[in-house]
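What follows is a short report on a single structure.
The values are calculated or read from the model by the stated rules, or taken from the named source; none is laboratory data. Only a predicted model underlies this, so the values are computations on that prediction, with no experimental measurement involved. Cβ: placed from backbone, ideal geometry, glycine included. Neighbour counts: every protein chain shown.
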């Protein structure tokens, strides 16, 4: 009996037969791993490393990736077939996810099905935050109060900063959860933090006597938790490696956030007449003063680290390394060394310390490094610069602005120098072949 003629296939069925379904599944899991790593806030180099590891495991023979601040564009090839896919994410910071994806990429077997890799990514994505909201409110307030101590604030400034920053941070979390515009949330939170600080400081003055001559030290620090430390540091790392597609947008984002903070603080300063003039060093017995500075160095970094969702052990290690690096920085400043030179020395020490401790205890270096370096970030002088401009104090604004830029450059240079001394990927510039093997 002759074969019956096959019915004609439709155009859609013909296209379905041409679709490389094996490559589609592999492409999806590679892009997903990259967007998860990028969305957690790490540098472009680490995003590419994770995608390359996943590609090797699922049998992809070639991968080329372009990483920006919010997007990954990946072209993968297998058996002569190529596919390009775009993944997009929103900027955020989740240090525990960075660490989990780092371990995931190193623990992958030589070969595994895409569906099994997808299941591993599901488990990482579904992991809850490490700290409850109420604890974060307490720790962030403690970090802001610690920065007030490092900015030469006294006990009255610390007492005013604690509730002001706690309430403002809680408001920031609420508005972020409701998905309000990011810059509007930052501006509102900065204004609320500054206004509450003025209110609490006034209550303390009413209770104990004349106004404090260190009032300005705490005014800036009440909203210091809003400083975009992670994007700022990772932008510097990306630019150091000439990853301009990721570094320039990150830096722009960080600058926009700092501007929003400054506008919020300025609104309160304009209404209340607060002067941003820096205050002198804390007076007292040297042993007491240095004990306060050491404790403040630890808790400033520890609080920031927990806000970034850094695991507890790593957060403690970051605080200890911050002390080791910040004490020499403070000693240099006390002896008249310029701030950017002191910051460079301190950041080199902290970068080397993070590399050593991360190697000893199997920690992820990047999530240690960023919170640690923030102990020397010039958040106060950055905000002070814009307030000087508003007050038409051009000389003060230029002086403060140049100092701020030099300190930021010194931070990035110090960290990059430490990386080059401890990591061959930073010491040498090798062309990317696009091959996964």
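Of note:
- Within the stretch 62-75, the only residue that satisfies the criterion of being in contact with a helix residue (DSSP H, G or I) (Cβ under 8 Å, 6 or more places away or on another chain) and surrounded by fewer than 17 Cβ atoms within 10 Å (Cβ to Cβ) is 66.
- Helices (runs of 4 or more DSSP H) (entirely within the stretch 333-437) containing at least 2 residues that are within 27 Å of residue 38 (Cα to Cα) and at pLDDT 80 or above: 339-361, 365-373, 394-422
- When the stretch 368-380 is limited to residues that are touching a residue at least 60 places away in the same chain (Cβ under 8 Å) and under 19 Å from residue 221 (Cβ atoms), the one that is surrounded by the most Cβ atoms within 10 Å (Cβ to Cβ) turns out to be 372.
- Residue in the stretch 76-105 that is farthest from residue 119 (Cα to Cα), counting only those that are out of contact with any helix residue (DSSP H, G or I) (no Cβ under 6 Å at 6 or more places or on another chain) and in a strand (DSSP E or B): 82
- For the residues 246, 217, 235, 270, the requirement of being surrounded by fewer than 22 Cβ atoms within 10 Å (Cβ to Cβ), assigned to a helix (DSSP H, G or I) and assigned by TED's automatic domain parsing to the domain that holds residue 367 singles out 270.
- Filter pass, residue 56 being assigned to a helix (DSSP H, G or I) and farther than 26 Å from residue 257 by Cα: yes
- In the set 292, 287, 260, only one residue is over 26 Å from residue 323 (Cβ atoms), assigned to a helix (DSSP H, G or I) and in the same structural domain as residue 334 (by TED's automatic domain parsing); that residue is 260.
- Single residue of 362, 313 found to be out of contact with any helix residue (DSSP H, G or I) (no Cβ under 6 Å at 6 or more places or on another chain) and at positive phi: 362
- Among the residues of the stretch 131-141, the one identified as in a loop (DSSP other than H, G, I, E, B) and crowded, with 17+ Cβ neighbours inside 10 Å is 131.
- Residues in the stretch 110-124 that are loosely packed, with under 13 Cβ neighbours inside 10 Å and either touching a strand residue (DSSP E or B) at 6+ places or on another chain (Cβ under 9 Å) or at pLDDT below 85 (or both): 110 alone.
- Criterion: in the same structural domain as residue 29 (by TED's automatic domain parsing), without any contact (Cβ under 8 Å) to a residue 12 or more places away in the chain and touching a strand residue (DSSP E or B) at 6+ places or on another chain (Cβ under 8 Å) - qualifying residue of 70, 84: 84
- On inspection, residue 115 does not qualify as in a helix (DSSP H, G or I), closer than 30 Å to residue 242 by Cα, in contact (Cβ under 8 Å) with a residue 60 or more places away in the chain and not assigned by TED's automatic domain parsing to the domain that holds residue 230.
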